[in-house]
Every structure is written in structure tokens, then in C-alpha cells.
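Presented below is the structure to which this report refers.
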Amino acid sequence: MKEQIVFGTHTIDFDLKYTNRKSLGIKVQPDTSVTVTAPENAPMAKIKTAVSKKAMWILNQKSYFLSMDTISNDVIIKSGYTVHYLGRQYKVVVEVTSKNEVSYKGNLFLISVTKKEKAQQVFETWFNERAILKITEIAQPIIKKFTLKHSTSVVVFFQDMPTRWGSCTIKNKLILNPKLVHTPKRCIEYVVMHELCHTIHKHHNSDFFNLLTLMMPDWEKRKMKLDTYL
């Protein structure tokens, strides 16, 4: 049975199962789904009250499991393969020429190399540089607006991270994963805003989620889209 509660600005959906157990149990699965197991005669009002009391724990567990997802956007550069760039798919074409360079137009990435064996390295070097430039371009307006509103300052760094799109240190250093460039612009904006909110609230508590919702009301939809790139 599908049920839900409202906790502040958040809606928590859960699967409700009745059993012959004497107490109510709540479990958050690694896929962030929530299962509530209740005694057969438990009133719905009592069940929802119990879930509401555990709402912050549920949100924290969801955030924990989301942070453990492995980001696997490894790119294989061969003619006929495709690469995601800002959410769009581009076909890869490798050609042997007198120079090593990358260009793109329409829906094609053209990798020109002196030897085909160099295609992977040439593209990865170019793509990483492009990622940092593009993500910075997208992030700057959001950072400027946020820091002016909240009188904070941040420094941005880029680093490959196997399980995170971004992070924020105790000293408000924002670390962004260059692989974000595979995802749509609106997903990059979400990650930047998420980490900016951590400059105010370090933990995934109600204050953090309330601030995130205030600054980006549709963050949950953006997060769902981002999850499709894991």
C-alpha cells in the first residue's frame, strides 16, 4: 500500500505493509525507497504520526545512500560511440590527421589525432578542460547571487570523485566533479546550489532542506534527473 506524509516542505512516500508484528518498523532502502511495517490493527493516524517523528532520520538516510552512488561516466573514445555533453548525446568520429585536436558541431565530436591510439588521451584532456570552463560558466551566476544574499564567500575547486558530484568543506571550499559536464545545465545548477546551502548548514537537517527549497524550489526534480546519469 502506497502512503505519504508531509514534513515541512517535503513529501515522504512510503510502502506500508501490515504484519503480525507488535511494533512499527521503518526502513530506508539503498535505492532511497521507504518501507513501513505496522501491526495489523494499527490505525493509519498512529502510523503517520510515527513516520512523522522519524522524518528527519528518513531524510538523512536518503541523503546518505544518495551520496554512496558510484558515478560511472567513463568515456570510451572510438568511432561510432557516443558521449554525453550537457545532457545531449554526441557521436564520436576519430580521424587520423597531422595534428591532435578536438572539435564539435551539430551532434558530432570530431577527434583528430596523429595516431588512433592517442584518441582516448587527447579527448579526455580536452574534455576535462572544457568541463571546468563550462561548469564554471554555469556556476558563477548562482554563486554570486547566493553569496550576496547570505553574505558568504566560497572558493571553487574541481576534482574527480567516484561517489560524489560535489562537496563542501568546513571552510566553505566547494569541490565540483568535472564529470558533471555530462549532465544537463539544470542538474549542474542543482549540485552547485546544494553545496552552496552547505556553507550555511553543514548537515542534511530540516534547516538545510528548507534553505535549498527556498533557493531552488524544483530541486527534487533536478535531483531525479541527475540520478539518471549515475
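The values are calculated or read from the model by the stated rules, or taken from the named source; none is laboratory data. Keep in mind the model is a prediction, meaning the values are calculated, not measured. When we count neighbours, we look across all protein chains shown, and the Cβ atoms used for this are built from the backbone with ideal geometry, even at glycine. Surface accessibility is based on the protein's heavy atoms, side chains included, excluding ligands, DNA and RNA. Shrake-Rupley method; radii C 1.70, N 1.55, O 1.52, S 1.80 Å.
What residue among M161, M44, M193 shows peak mean-square fluctuation when the chain is described by a Gaussian network model with Cα springs under 10 Å?
M44
Select from S167, L148, G8 the residue farthest towards the positive end of the dipole of the chain; place +1 on Cβ of Lys and Arg, -1 on Cβ of Asp and Glu, and compute about the Cα centre.
G8
Roughly how many whole Å is it from the C-alpha centroid of the range 185-222 to that of the range 1-20?
23 Å
Given a 1.4 angstrom probe, what's the average accessible area per residue across the range 110-204, in square angstrom?
Ligands and nucleic acids excluded, the result is 52 Å² per residue.
Using Cα extents along the principal axes in Å as the read-out, say which of [x] 55, 46, 33; [y] 80, 40, 27; [z] 77, 44, 27 was calculated from these coordinates.
After the calculation, the listed value that fits is [z].
Accessible surface of S33 in the full protein assembly, 1.4 angstrom probe, to the nearest 10 Å²?
Its accessible surface works out to 40 Å², give or take rounding.
Based on the alpha-carbon gyration tensor of the range 81-143 and its eigenvalue square roots a ≥ b ≥ c, which shape applies: rounded if a/c is under 1.5, prolate if not and a/b is larger than b/c, or oblate?
It comes out prolate by the Cα gyration axes.
Of the accessible area of the chain, with the probe set at 1.4 angstrom, what percent is carbon plus sulfur?
Here carbon and sulfur together make up 52 percent of the probe-accessible area.
Can you show me the helix-derived [θ] at 222 nm for the chain, built from DSSP H runs with n ≥ 4 at -39,500 (n - 2.57) apiece and divided by the number of residues, rounded to the nearest 500.
Values: 6 runs with 87 residues, N = 230.
Rounded to the nearest 500, the figure is -12500 deg cm²/dmol.
Any idea what the dipole of the chain comes to, in debye rounded to 20, about its Cα centre with Lys/Arg Cβ at +1 and Asp/Glu Cβ at -1?
Value, rounded to 20: 240 debye.
Find the relative contact order for the chain and round it to a whole percent, using C-alpha pairs within less than 8 Å whose residues are 6+ positions apart.
15 percent
Quick check: residue separation of I170 and Y18 times 0.36 nm, minus the Cα distance between them. What number comes out in nm?
50.4 nm
At a Förster radius of 22 Å, what calculated FRET efficiency corresponds to the Cβ-Cβ distance of T213 and M44, to the nearest 0.05? Intermediate values should be presented prior to the final figure.
Values: r = 27 Å, r/R0 = 1.22.
According to the calculation, E is roughly 0.25.
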